[in-house]
1. Report which residues of region A:65-96 become buried by 30 Å² or more of accessible surface when going from the isolated chain to the complete set of protein chains (1.4 Å probe; DNA, RNA and ligands ignored).
2. Using only the Cα atoms of region B:100-232, build the gyration tensor, take square roots of its eigenvalues as a ≥ b ≥ c, and label the shape rounded, prolate or oblate: rounded if a/c is under 1.5, else prolate if a/b is larger than b/c, else oblate.
3. Which of the aspartates and glutamates could be linked to B:K9 by a straight reach, that is with a Cα gap under 17 Å, when you skip same-chain ones fewer than 8 residues away?
4. Between the alpha-carbon centers of region B:349-409 and region B:179-196, tell me the distance in whole angstrom.
5. For region B:291-409, build the convex hull from the C-alpha positions and give me its volume per residue in Å³.
6. What number in nm² do you get for the protein assembly as shown if you take the convex hull of its Cα atoms and divide its surface by four?
7. Give the share of C-alpha pairs in each 10 angstrom bin for region B:346-392, from 0 to the last occupied bin, in whole percents, shortest bins first.
8. How much area per residue is accessible in the protein assembly as shown when the probe is 1.4 Å and only protein heavy atoms are counted (Å²)?
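The values are calculated or read from the model by the stated rules, or taken from the named source; none is laboratory data. A quick note: this is a predicted structure, and the numbers were derived from the prediction, not measured. Note that each Cβ is placed from the backbone with ideal geometry, even for glycine, and that neighbours are counted across all protein chains shown. Accessible surface areas use protein heavy atoms only, side chains included; no ligands, DNA or RNA. Shrake-Rupley method; radii C 1.70, N 1.55, O 1.52, S 1.80 Å.
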Amino acid sequence: MALIATDRLEKKYDVGDSVVHALDGVSLSISAGEFVAVMGPSGSGKSTFMNVAGCLDKPSAGRYFLDGTDVIRMGRDDLARIRNEKIGFVFQGFNLLARTSALENVEVPLLYSTRPVGPKQRRERARLALTILGLDDRRHHHPNQLSGGQQQRVAIARALVNDAPLLLADEPTGNLDTKTSIEIMELFVKLNEEKGITIVLVTHEPDISAYSKRIVRFLDGRIVSDEVNRR
Amino acid sequence: MIHLPSIAKIALRALRVNKMRSALTMLGIIIGVAAVITMLAVGKGASTKLSEQIATVGSNLLIVVPGSTTAGGVRMGYGSYQSLTRADAEAITSEIPSVFLAAPVISGSGQVVFGNANWATAVYGTTQDMLGVRDWTLAAGRNFYDQEIRSAAKVCIVGQTVADNLFGNANPLDQTIRIRKVPFTVVGVLNAKGQSMMGQDQDDIIYVPVTAAERNLFGRRIPGSVHFIMVKATSTDDLGRAEEQIKQLLRQRHRIGPTQEDDFTVRNLTQMLQLTEQASRVMSLLLAAIAGVSLLVGGIGIMNIMLVSVTERTREIGIRMAVGAKTWDIRTQFIIEALILSMIGGLIGIVLGITLAELLSTLAGWSILISVWAIVMSFGFSALVGIFFGFYPAYKASLLDPIDALRHE
Ligand SMILES: Nc1ncnc2c1ncn2[C@@H]1O[C@H](COP(=O)(O)OP(=O)(O)OP(=O)(O)O)[C@@H](O)[C@H]1O
Ligand SMILES: [Mg+2]
C-alpha cells in the first residue's frame, strides 16, 4: 500500500479577480521506502504540494490518503498528531523559533509528543540529532547567531528528531555549500537505506536530485513527468 | 498533554523578551491586589478595635437619659430635666425580668487631692450595681455595700489612672482622699479598661455612692433625681424587649398620658456601636468594589497584551502547530503566560499592600490586621483573573490555521 496517495489534488487561490491554480489535478502515489525528488520551475506548485502532503494545508479538491487514512476528513488535533509522529518537515524558509537555542528548537516536536518524553530524554535526543548534522558545538546559539546553512541544518535536525517514517524537505540544500549539500544528501541516502525512511524532497539542482531514486517534475500545478532515477 | 515546567519556561522567556511591557501589564493587578490587601488590613483592624471597644464599654447596654429626643425638635439641655430618679433605677432592676442590672448615675467632675498629689477627674455617683452593668472587675478592695449607698457613706472606688496619679506605687486602699475638699475613703481600685470609642481614658474616674454624691458633692434641685440610668439587659436578644419594657414602666411611673411625649429617652449603646460597625462595613464594601474594578481593569490589560502577543507571535504558533502542537497545547501555553503575569503581579501586589498597611499603621497610627486568608484570597483571585482574561487570547491563538500562521509576516 502506498504511503502517500493523492487523487486529483487541486489548490486554488483567489487573488483579486483572478484565480491561481497552484495545484491542478495532482495524482501521485509514493510507497514506503521511496526517495523522491520533486523538481520544476519556480511557481510550479512544489511547495503547495509539499504543504498538502505534510498535512499543513488542505486542498481545494481531490483526495489524499496518508498511510491508508483519509487525511482530508481529519480534525485539527488528529492532523497535529500525524504531523508530530509521522512527518518530519523541512521548510523552505527554515521556520525556526527566534530567541530560542538550536537545541531547544530541535526539542520542540518532542514537547508535543503524544507519548510524553521527559526533559532529560528530550535534551539527549535533540543533541543526538544536532550531532548527526555536525552542529553539536552550536547547540546554544540562537538562529540569528547561525549562518543560513547552519539554520537549515537545525531545521533538518528538528525534522529528524522524532524518528518520523516520512521526511518532507522543501529545498533542504538551498542555502548550503556544495560540500555540506553532499553531506546532507549522503545522510538522507543513509536514512533512506538503513532506516527505511521515506523521503520526498524539492530541489532545483540536478546534482541533488541525482541522489534520489525517482524524479517527479511539476509545471503549472501539474505533474509533467515521473521517472525512475538510476544512481 | 504538554509538560508544565517546559511550558512555564517558554512563557517566562516570552515575558522576559518584553520586560517593560510585562511590568506595565502587571501594574493593574499589582494596584488591585495591593488595594485589596491594604483595605482588608485596615478594615479588619478597625472592626477588631471596635469589637474590643464594645467589650470594654460593656455589652447589652441601654442608657436612659432624661428628656425626649423627639420633643418638637427642641431638646432639653443635659441635666436640666431632672425626671429620672434612683427609685426609677431600682424599679427597672426589680420589675423587668429582661434587665440584669440598672445603675443610676449622678455625674460630675472635681479636683481630687491626696497628700501633695492633685488630680482632676470625673466623679460618678452610683450604686454597687455599676460594676455589674459595665462588666468591670476590681483590681483590689471591694464594691460598695448596700448599707453604704443607703447611708451616703463617704467611700469611693477609683479607676487605674486616678490611682496611679494620686498614689503612685503606694496602696490606695483605706486611704482618705479629698474630692472637692470632702474626705472619702478608698475601698476599691478598678482594673484598667483603656480608651473608649471616643478616645477617652475610661480609667480616669471615681465612683462614689449616689447618695453621697447628691448630699456632699453635686447638689440636686429635686432630691433623688439622677443624670442618667445605665441598664444591662440579660442578653443581646433581650435588648429590644428590655427597651420596650423600660419605656412602659417609666411612662407608668412618671404618669405620662397616652397622648403625651416621654420625658426620657432610652438609648441602645450596642446598637450605636453596631451602627458604627455597619458604616465601616459599608466603607469596606466600597473599597472592595474599587479594588475589584482595578483588578478587572488589570485583567483587561492582560487580555489586551496577550492579544497583541498572539498577533506578534503568529509565526511561532504556526511553527509549533506544524511540528505537532495541538489546540490545548497552544491554549495552555498562552493561558499559563497570562497566569504567570497575573500571579507575579499578585505577589508584588501582596508585598506592596502589606507594606502600605504597615506604613499606615506606623505613620498614621491606624490599627491594621493582615490575615493570611486575605493574602491567600487575593492571590487566588489574581490567578483567576489571569486565567479568565488569558482564555480568549489563548483560544484565538489555538484556532489559527497552521499554514496561514506560518506565512504570517
Ligand atoms: N497564499 C497564496 N496566495 C496566493 N497564491 C499563492 C499562495 N501560495 C502560493 N501561491 C501561488 O501558487 C503557485 C505555486 O506556489 P508554490 O509556492 O507552490 O511554488 P513553488 O513551486 O514552490 O516555487 P519555488 O520553487 O519558487 O518555491 C505560485 O504561482 C504562487 O504564486
Ligand atoms: Mg517552493
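1. A:R76, A:D77, A:A80, A:R83, A:F91, A:N95
2. On the way: a/c = 1.43, a/b = 1.17, b/c = 1.22.
Cα axes put region B:100-232 in the rounded bin.
3. Those aspartates and glutamates meeting the cut-off are A:E104, A:E107, B:E316, B:D329, B:E337.
4. Using only Cα atoms to place each centre, the spacing works out to 56 Å.
5. Values: hull volume 11.7 nm³, N = 119.
Expressed per residue, the convex hull around the Cα atoms of region B:291-409 is 98 Å³.
6. Numbers: hull surface 183.9 nm².
So the Cα hull casts an average projection of 46.0 nm².
7. Reading the bins upward from 0: 26, 41, 23, 9, 1.
8. Values: 29500 Å² over 640 residues.
For the protein assembly as shown, the solvent-accessible area averages 46 Å² per residue.
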